[in-house]
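Peer 1: Can you keep this structure in mind? I'll have questions shortly.
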Amino acid sequence: MTTPAPSATIRELRDSVRSGARSAVEICREALARVRASDPALHAFHTVTADRALARAADLDRDRDRWRDAPLTGVPVAIKDNLCTRGVRTTAASKILETFVPPYDATAVARLERAGAVVIGKTNCDEFAMGSSTENSAFGPTRNPWALDRTPGGSSGGSAAAVAARLAPLALGSDTGGSIRQPAALCGIVGLKPTYGRVSRYGLLAFASSLDQIGPLTLTVHDAAIALNVIAGADPADATSAPEPVLDYTTALTGDIRGARIGVPSRLLENGPGGPDGIDREVAGAFRTALDAFASRGATLVDVDLPHARHAVAVYYLVATAEASSNLARYDGVRYGFRAPFDRHDDALGSMYARTRAGGFGPEVKRRIMLGTYVLSAGYYEAYYLKAQQVRTLIARDYERAFERVDAVAMPTSPTPAFPIGERVADPLQMYLADVFTVSANLGGLPAVSVPCGFTAGGLPIGLQLVGRRFDESAVLRLADAYERDTNWWKREPAHV
Amino acid sequence: MPAGVTRAQVEAIAALAQLDLDPSEVELFTRQLCDILAYVDELQQIDTSGVPPTSHVAPGGASDRPDEVRPSLDPPDALANAPDAARETPLGSFFKVPRVIG
């Protein structure tokens, strides 16, 4: 038997199945064996669909001709547990959906399977994707494969940990304010948030509908491009999915970035909400070194000003919670999920709703529903929600102005590397402030990728973020791929592989 | 500008949001909402006169589709996750809820 190659990429695995060198079943068995060995310590997965996955892999092997040219033939994939999977429990890491079994697949999941992928399980996340550490899961936190006492980031922390620990070469996540990019950075992998509308949101359990976007977490930029090729595109089931043509994003990865212009928002980096000390020293150092690498490849660094970006966190937590309070009104104990016990004689419908929601939602979700309900309520709507939407316009305009001069804006993905489990739980505002560099891309609907850019002296990964023009995923992927060719940080494996 | 949030306001918001909070949660959320609202108050310094609000970033807005009847979930699938339901009774299939009128 061949030794499993732990760092196998999507491209390597797919090509090995296509060529007949390996079978889909063999690859699936290896992935499941790695999950069995590593996941008790990591808790990246909620649900492992071993039997279903092996049956599916066997189907692929039986019908080799049909799958010979598919882009993801035999590739094991993990799916964030807020994406619906037909017949497979989908919880959004919430007690209120602990028993929910969707009758349909999310479009992005269906597209992966049509491309030959094998779903091996559902990954842990913050409840309803609300959080930056995966500690808000009703089913316990996920641990970072680089340091088990630290969080993997969030909210797609299970997806990031699964890819970083080489349990699957591809996981889907969702990103409302950084929930793909920040865990990718904290786990040392690539995370792509596509342009708003690039990927159908059908079957994504909605958090904030004007900000949510589904995207891939992978080991390499090339793998992220392969995955985007598969999941991107208009969908009649999502009226906000965009009609723009889907390119072959892998063709953008030429390694040639001569003449590219990269914006560096130095005033934001120095004067963000955390002040000059807001960015960890080692993160700042790795970021500067990465900028030099871009310059060495022939890109030009340009200082850009994003005067309103420092207010993005305030805007985000008003807009996102307002939308969440409305979206989560559907969880009422009537059509699906948890229902609080009630007394047939004494209780009426309203008290069943209120007790179901009180017992089914965790503290962070309740906090956000409360904040969102408050900012939408009479008397506060204009001061908070409308004001936030206006500043959202100003932030989007800042980026539009910058993109007149540059092809992408570079920033650290997260101001700090992975933080210890428990450290920020008691102070939600501190947790929110760490989203400063990621939320703007969601507010503007812009594509953004996080790519590994080094390690701290203590061995924790650091991520670099590139934000691009709307529907110009090609530009950020080209830049990230060129940088990756020079550095190959992704080849370093965490201790817990 | 509202300077903070009172306990009574938090209780009123919880009622609007259909959340049966216990007293310790009311206390916690009163404190935390005060902190968060104090932070977001920074937005008040920004001049937004004449700036249109952004409610979505889909270029051209959501797309239209013809208003046609199309297949959707079968009743058994739609009811499969219900905590309580009547399935294929003489009156039809439906979700069951506690009494609505007292």
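The values are calculated or read from the model by the stated rules, or taken from the named source; none is laboratory data. The structure displayed is predicted, hence computed values, not measured ones. Please note: Cβ atoms are built from the backbone with ideal geometry, for glycine as well, and neighbour counts cover all protein chains shown.
Peer 1: Working carefully through the options B:VAL5, B:VAL69, find the one that is at the interface with chain A (Cβ under 8 Å from one of its Cβ atoms) and either on the phi > 0 side of the Ramachandran plot or out of contact with any Gly (no Cβ under 6 Å at 6 or more places or on another chain) (or both).
Peer 2: Step by step, each of B:VAL5, B:VAL69 is checked, and only B:VAL5 is at the interface with chain A (Cβ under 8 Å from one of its Cβ atoms) and either on the phi > 0 side of the Ramachandran plot or out of contact with any Gly (no Cβ under 6 Å at 6 or more places or on another chain) (or both).
Peer 1: In addition: Give me the pairs, please: first residue somewhere in region A:20-48 and closer than 22 Å to A:ILE421 by Cα and assigned by TED's automatic domain parsing to the domain that holds A:SER159, second residue anywhere and assigned to a helix (DSSP H, G or I) and of a type in the set (D, E, K, R), beta-carbon distance under 7 Å, and either six or more positions apart or on two chains.
Peer 2: Here the result reads A:PHE45/A:ASP39, each pair linking region A:20-48 to a residue that is assigned to a helix (DSSP H, G or I) and of a type in the set (D, E, K, R).
Peer 1: Among the residues of region B:32-60, what is the count of those that are surrounded by 15 or more Cβ atoms within 10 Å (Cβ to Cβ), free of Cβ contacts under 8 Å to residues at least 24 places away in the same chain and either more than 9 Å from chain A (Cβ to nearest Cβ) or aliphatic (A, V, I, L, M) (or both)?
Peer 2: Residues in region B:32-60 being surrounded by 15 or more Cβ atoms within 10 Å (Cβ to Cβ), free of Cβ contacts under 8 Å to residues at least 24 places away in the same chain and either more than 9 Å from chain A (Cβ to nearest Cβ) or aliphatic (A, V, I, L, M) (or both): 7 in total.
Peer 1: For region A:81-102, which residues satisfy the criterion of being free of Cβ contacts under 8 Å to residues at least 40 places away in the same chain and either buried (at least 24 other Cβ atoms within 10 Å of the Cβ) or touching a Leu at 6+ places or on another chain (Cβ under 6 Å) (or both)?
Peer 2: Answer for region A:81-102, where residues must be free of Cβ contacts under 8 Å to residues at least 40 places away in the same chain and either buried (at least 24 other Cβ atoms within 10 Å of the Cβ) or touching a Leu at 6+ places or on another chain (Cβ under 6 Å) (or both): just A:THR85.
Peer 1: Another question, if that's okay. State all residues of region A:344-358 that are touching a residue at least 60 places away in the same chain (Cβ under 8 Å) and more than 8 Å from chain B (Cβ to nearest Cβ); if no residue qualifies, say none.
Peer 2: Within region A:344-358, just A:THR356 meets the criteria.
Peer 1: Testing B:PHE29 on (1) modelled with pLDDT of 95 or more; (2) more than 7 Å from chain A (Cβ to nearest Cβ), one condition comes back false. Which one is that?
Peer 2: Against the list (1) modelled with pLDDT of 95 or more; (2) more than 7 Å from chain A (Cβ to nearest Cβ), B:PHE29 comes up short only on (2).
Peer 1: From the residues in region B:11-24 that are within 7 Å of another protein chain (Cβ to nearest Cβ) and part of a helix (DSSP H, G or I), which one is farthest from A:VAL425 (Cα to Cα)?
Peer 2: Among residues in region B:11-24 that are within 7 Å of another protein chain (Cβ to nearest Cβ) and part of a helix (DSSP H, G or I), the one farthest from A:VAL425 (Cα to Cα) is B:LEU16.
Peer 1: For region A:137-227, give me every one of the strands (runs of 3 or more DSSP E) that falls completely inside it and has 1 or more residues that are β-branched (Val, Ile, Thr) and crowded, with 24+ Cβ neighbours inside 10 Å.
Peer 2: Where strands (runs of 3 or more DSSP E) fall fully within region A:137-227 and carry at least 1 residues being β-branched (Val, Ile, Thr) and crowded, with 24+ Cβ neighbours inside 10 Å, they are A:190-193, A:213-218.
Peer 1: Between A:ARG424, A:ARG368, which is at negative phi, among the charged types (D, E, K, R) and not assigned by TED's automatic domain parsing to the domain that holds A:PHE471?
Peer 2: When all the criteria are applied, what remains is A:ARG368.
Peer 1: With the condition kept exactly as written, say whether any residue in region A:2-12 is part of a helix (DSSP H, G or I) and buried (at least 24 other Cβ atoms within 10 Å of the Cβ).
Peer 2: Yes, some residue in region A:2-12 is part of a helix (DSSP H, G or I) and buried (at least 24 other Cβ atoms within 10 Å of the Cβ).
Peer 1: Taking the conditions exactly as written (part of a strand (DSSP E or B), closer than 20 Å to A:VAL199 by Cα, touching a helix residue (DSSP H, G or I) at 6+ places or on another chain (Cβ under 6 Å) and assigned by TED's automatic domain parsing to the domain that holds A:LEU42), does A:ALA78 satisfy them or not?
Peer 2: yes
Peer 1: Are any residues in region A:364-383 touching a residue at least 12 places away in the same chain (Cβ under 8 Å) and more than 7 Å from chain B (Cβ to nearest Cβ), and if so, which ones?
Peer 2: Residues satisfying the conditions are A:GLU364, A:VAL365, A:ARG368, A:GLY372, A:VAL375, A:LEU376.
Peer 1: Inspect region A:421-430 for any residue being outside any helix (DSSP H, G or I), within 20 Å of the chain's Cα centre (by Cα), within 11 Å of chain B (Cβ to nearest Cβ) and not hydrophobic (A, V, I, L, M, F, W, C) and give the result as yes or no.
Peer 2: Checked against the condition, which is being outside any helix (DSSP H, G or I), within 20 Å of the chain's Cα centre (by Cα), within 11 Å of chain B (Cβ to nearest Cβ) and not hydrophobic (A, V, I, L, M, F, W, C), region A:421-430 yields no hits at all.
Peer 1: Still on this structure: Could you tell me whether A:GLY121 is closer than 30 Å to A:SER325 by Cα and buried (at least 24 other Cβ atoms within 10 Å of the Cβ)?
Peer 2: yes
Peer 1: Can I ask one more? Output yes when any residue across region A:401-420 is hydrophobic (A, V, I, L, M, F, W, C), away from every other protein chain (no Cβ under 12 Å) and closer than 20 Å to A:MET130 by Cβ, and no when none is.
Peer 2: Looking for residues that are hydrophobic (A, V, I, L, M, F, W, C), away from every other protein chain (no Cβ under 12 Å) and closer than 20 Å to A:MET130 by Cβ, one finds at least one in region A:401-420, hence yes.
Peer 1: Filter region B:72-91 down to residues that are facing another protein chain (nearest Cβ under 7 Å) and either closer than 30 Å to A:ASN442 by Cα or outside any loop (DSSP other than H, G, I, E, B) (or both), then give me how many there are.
Peer 2: So the count comes out to 1.
Peer 1: Quick check on my filter: what residues within region A:381-415 are surrounded by 20 or more Cβ atoms within 10 Å (Cβ to Cβ) and outside any helix (DSSP H, G or I)?
Peer 2: Hits for region A:381-415 are A:PHE403, A:VAL406, A:ASP407, A:ALA408, A:VAL409, A:ALA410, A:MET411, A:PRO412, A:THR413, A:SER414, A:PRO415.
Peer 1: If a residue must be more than 20 Å from the chain's Cα centre (by Cα) and among the small types (Gly, Ala, Ser), how many such residues does region A:235-254 contain?
Peer 2: 3
Peer 1: Has region A:249-259 got at least one residue that is closer than 28 Å to A:LEU318 by Cβ and not polar (S, T, N, Q)?
Peer 2: Within region A:249-259, none of the residues are closer than 28 Å to A:LEU318 by Cβ and not polar (S, T, N, Q).
Peer 1: So, in region A:341-365, of the ones that are at pLDDT below 95 and not in a helix (DSSP H, G or I), which residue ends up farthest from A:ALA396 (Cα to Cα)?
Peer 2: A:HIS345
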